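The values are calculated or read from the model by the stated rules, or taken from the named source; none is laboratory data. For clarity, every value in this text was computed on a predicted model and none was experimentally measured. Note that we place each Cβ from the backbone using ideal geometry, even for glycine, and neighbour counts take in every protein chain shown.
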Amino acid sequence: MRSRPLLSVAMLLAFLGASASPLPSPSPAPPTLVVDGVRVLVQPPPILVGGRVYVPLQRTLDALGIPFHIRHGVLRARFGAHRVRLQLGQSTAMLDGSPVGFGAPPLVRDFTTYVPLRFVGAVLGAQAAYDAKARTISISGSTIGQTGSGFVLSASGGVREGSVSELDTLSSPKTITVLFDGTAHTIALHDDVRVELHDVATNVVRPGVLADLLPGDFVRIDVGKKGRGRVVHDDFGVRTGRVAAVAGGEFVLEDGHVIVPDRTTQWLLNGAPATLADVRPGDRATIRYNVESNEILQVVLGNRRDPVAPSGGISSISVDPSTPLRAGQTLRVTMHGVPGGLASFDIGGLVRDVGMREERPGFYGGSLRIGDAVSIASSPVVVTLMVGSQRSVARAATPVSASSVPPGIGRVGPLPGSIVSSRTPAIYATFLPDAVGVDPRSATLIVNGRDVTSETIRSARFIHFIPEIDYLGVVHVTVRVADFAGNIATRSWSFIVRP
């Protein structure tokens with residue numbers, strides 16, 4: 001199922017506005033919250049006040065997969081093409097610029113913001129009901145913003161979503177066909193259509209091109225009033241790792257993930273077509289999957305531990321630099337082989353047919369400048385040399401890694417805007433690498449303007465700090481980290497310490 005953004009447990013103090021009046025105590029047995037048929041354990045739980053049902057705002061949006069942010073006492077959320085703006089203390093929200101009432105203003109209890117259940121139906125469009133006898137709140141998010149065909153309406157057009165079935169880049173205009181609930185829809189695309197690639201596993205978004213879309217990817221297409229696609233948001237998941245075992249039509253990664261491909265899965269081994277029968281323990285595998293169905297779309301294999309042998313007319317290959325690259329840097333590949341031929345190189349199944357010039361007899365060279373939409377995770381360089389009708393193929397000993405985006409900074413603690421009672425709270429952040437791993441030596445932590453990095457525990461996955469001095473009041477935190485390619489990420493947040 002689709003990844004949902006990580007959300008903080010407590011709301012920003014500024015969002016709470018002024019302190020609210022004490023609420024009547026809820027009944028000893030609070031209502032149970034069920035979202036899309038799954039019981040959601042939330043703390044604090046839903047409450048009943050004055051005969052009205054209230055649900056915790058943040059936890060409910062989280063359970064429905066609706067991203068939002070809070071600033072200066074205003075909540076802003078989005079789902080599909082819809083936008084919601086809610087000022088705390090008001091019983092009316094703005095939905096796509098139009099006011100929508102939901103009966104009563106939000107309430108605050110134990111630093112948690114609650115909204116009437118009616119807000120979920122009237123503003124978000126979800127089906128919501130309360131069974132007083134069973135004391136159960138049921139919310140269905142399957143129809144949020146939907147017209148029933150995978151199309152979300154908006155003032156400027158709409159959003160079409162579904163899994164990619166076909167992409168035609170030769171026609172004029174270019175078209176994309178998506179499947180939603182078994183129905184195919186073909187959308188014409190603007191000549192200057194923009195593509196955004198979102199790897200939900202690392203929550204990294206980067207620009208792309210139409211060629212980056214794979215059949216089976218889940219996409220959301222911003223469609224203008226004339227029906228043409230302007231932006232394609234491609235949501236997919238990528239998992240990488242070493243193959244630990246292969247058996248029974250599936251294989252297992254060293255981290256325990258079981259990969260079950262099907263007949264539609266695309267296979268590449270060192271840049272060449274392959275099948276499941278080619279998978280060997282020790283192979284490095286990059287798996288791309290559909291975030292809605294978990295269908296395995298593509299498996300790219302490479303970087304085997306077996307020795308690299310020259311092939312046919314190719315005697316040697318070198319790659320420079322051998323370290324990970326970032327946007328703006330250049331990869332140079334050189335090859336010695338039979339003179340008088342035509343040569344090119346591929347990088348896994350990601351970059352194809354980069355030309356190589358014969359710079360002197362038998363010495364070929366080619367370069368690739370890393371652009372702004374590159375994500376290459378330890379992929380093999382494969383060189384092809386054609387001399388007459390003789391074709392030689394060989395792989396370089398050094399794989400290539402490159403990324404044009406910095407690593408993500410995921411969970412942080414204490415959570416932004418939260419209120420903690422410990423004067424020496426654990427302060428931490430987790431890191432989410434893109435194609436290039438995080439350099440733990442680059443991680444720095446600044447608390448209230450002081451660099452405390454020397455007092456932290458650092459790894460490629462997190463930085464952790466337990467202060468030896470007491471904090472009180474607002475605490476400001478900044479984390480910086482870089483990957484081995486030199487891409488830098490920074491995140492700042494604040495929390496409050498109260499005795």
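Quick check on the stretch 53-69. Is at least one of its residues basic (Lys, Arg), in contact with a Ser or Thr (Cβ under 9 Å, 6 or more places away or on another chain) and closer than 30 Å to Phe218 by Cα?
yes
Mind checking which pairs have a first residue in the stretch 48-77 that is surrounded by fewer than 16 Cβ atoms within 10 Å (Cβ to Cβ) and a second that is among the β-branched types (Val, Ile, Thr), Cβ under 9 Å, 6 or more apart or different chains?
So the pair list comes out as Arg76/Ile70; Arg76/Val84.
Given the conditions (1) surrounded by 20 or more Cβ atoms within 10 Å (Cβ to Cβ); (2) more than 30 Å from Arg498 (Cα to Cα); (3) in contact with a Phe, Trp or Tyr (Cβ under 8 Å, 6 or more places away or on another chain), report the number of the one that Pro414 does not fulfil.
(2)
Are there any pairs, at least 6 apart or on different chains, whose C-beta atoms fall under 7 Å, with the first in the stretch 470-482 and closer than 21 Å to Arg458 by Cα and the second acidic (Asp, Glu), and if so, which?
These pairs meet every condition: Ala482/Asp439.
Identify all residues within the stretch 50-66 that are touching a Pro at 6+ places or on another chain (Cβ under 6 Å) and either closer than 16 Å to Gly125 by Cβ or β-branched (Val, Ile, Thr) (or both); write none if there are none.
Val55
Considering only the stretch 69-96, state which residues are outside any strand (DSSP E or B) and either at pLDDT 80 or above or closer than 25 Å to Trp493 by Cα (or both).
His72, Gly73, Leu88, Gly89, Gln90, Ser91 - these are the residues of the stretch 69-96 that are outside any strand (DSSP E or B) and either at pLDDT 80 or above or closer than 25 Å to Trp493 by Cα (or both).
How about the stretch 456-493: which of its residues are closer than 27 Å to Ser403 by Cβ, β-branched (Val, Ile, Thr) and part of a strand (DSSP E or B)?
Answer for the stretch 456-493, where residues must be closer than 27 Å to Ser403 by Cβ, β-branched (Val, Ile, Thr) and part of a strand (DSSP E or B): Ile457, Ile463, Val477, Thr478, Val479, Val481, Ile488, Thr490.
May I ask you to list pairs of residues, at least six apart or on different chains, whose Cβ atoms are under 9 Å apart, with the first in the stretch 159-170 being touching a residue at least 24 places away in the same chain (Cβ under 8 Å) and within 16 Å of Asn290 (Cα to Cα) and the second being surrounded by fewer than 15 Cβ atoms within 10 Å (Cβ to Cβ) and charged (D, E, K, R)?
Gly162/Asp181
Residues that are touching a strand residue (DSSP E or B) at 6+ places or on another chain (Cβ under 6 Å) and among the small types (Gly, Ala, Ser): find the strands (runs of 3 or more DSSP E) completely inside the stretch 317-393 holding 3 or more of those.
363-369, 375-379
Taking Pro361, is it in the same structural domain as Val387 (by TED's automatic domain parsing) and surrounded by fewer than 13 Cβ atoms within 10 Å (Cβ to Cβ)?
Yes.
For the stretch 119-141, does any single residue satisfy the condition of being under 21 Å from Val223 (Cβ atoms), out of contact with any helix residue (DSSP H, G or I) (no Cβ under 9 Å at 6 or more places or on another chain), assigned to a strand (DSSP E or B) and at pLDDT below 80? Walk me through how you get there before you give the answer.
Within the stretch 119-141, the first condition is being under 21 Å from Val223 (Cβ atoms), and the residues that meet it are 125.
Pick out the ones that are also out of contact with any helix residue (DSSP H, G or I) (no Cβ under 9 Å at 6 or more places or on another chain) and you get 125.
Retained after the next criterion (residues that are assigned to a strand (DSSP E or B)): none.
Within the stretch 119-141, not a single residue is under 21 Å from Val223 (Cβ atoms), out of contact with any helix residue (DSSP H, G or I) (no Cβ under 9 Å at 6 or more places or on another chain), assigned to a strand (DSSP E or B) and at pLDDT below 80.
Could you please give the count of residues in the stretch 204-235 that are of a type in the set (Gly, Ala, Ser) and in a strand (DSSP E or B)?
Going through the stretch 204-235 one residue at a time, the tally reaches 3.
Please find, within the stretch 368-394, the residue that is nearest to Arg242 (Cα to Cα) out of those that are polar (S, T, N, Q) and loosely packed, with under 15 Cβ neighbours inside 10 Å.
Result: Gln390.
Each row is one residue, and each column tells you yes or no for (1) closer than 21 Å to Ile376 by Cβ; (2) without any contact (Cβ under 8 Å) to a residue 60 or more places away in the chain.
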| position | (1), (2) |
| --- | --- |
| Lys225 | no, no |
| Thr240 | yes, no |
| Gly248 | no, yes |
| Leu253 | yes, yes |
| Ile259 | yes, yes |
| Trp267 | yes, yes |
| Asp283 | yes, yes |
| Glu295 | no, no |
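Tally time: how many residues in the stretch 404-435 are closer than 20 Å to Ala327 by Cα, among the small types (Gly, Ala, Ser) and not in a strand (DSSP E or B)?
The qualifying residues number 2.
When the stretch 290-349 is examined, which residues are found to be at pLDDT 90 or above and among the β-branched types (Val, Ile, Thr)?
Within the stretch 290-349, Ile314, Ile317, Val319, Thr323, Thr330, Val333, Thr334, Val338 meet the criteria.
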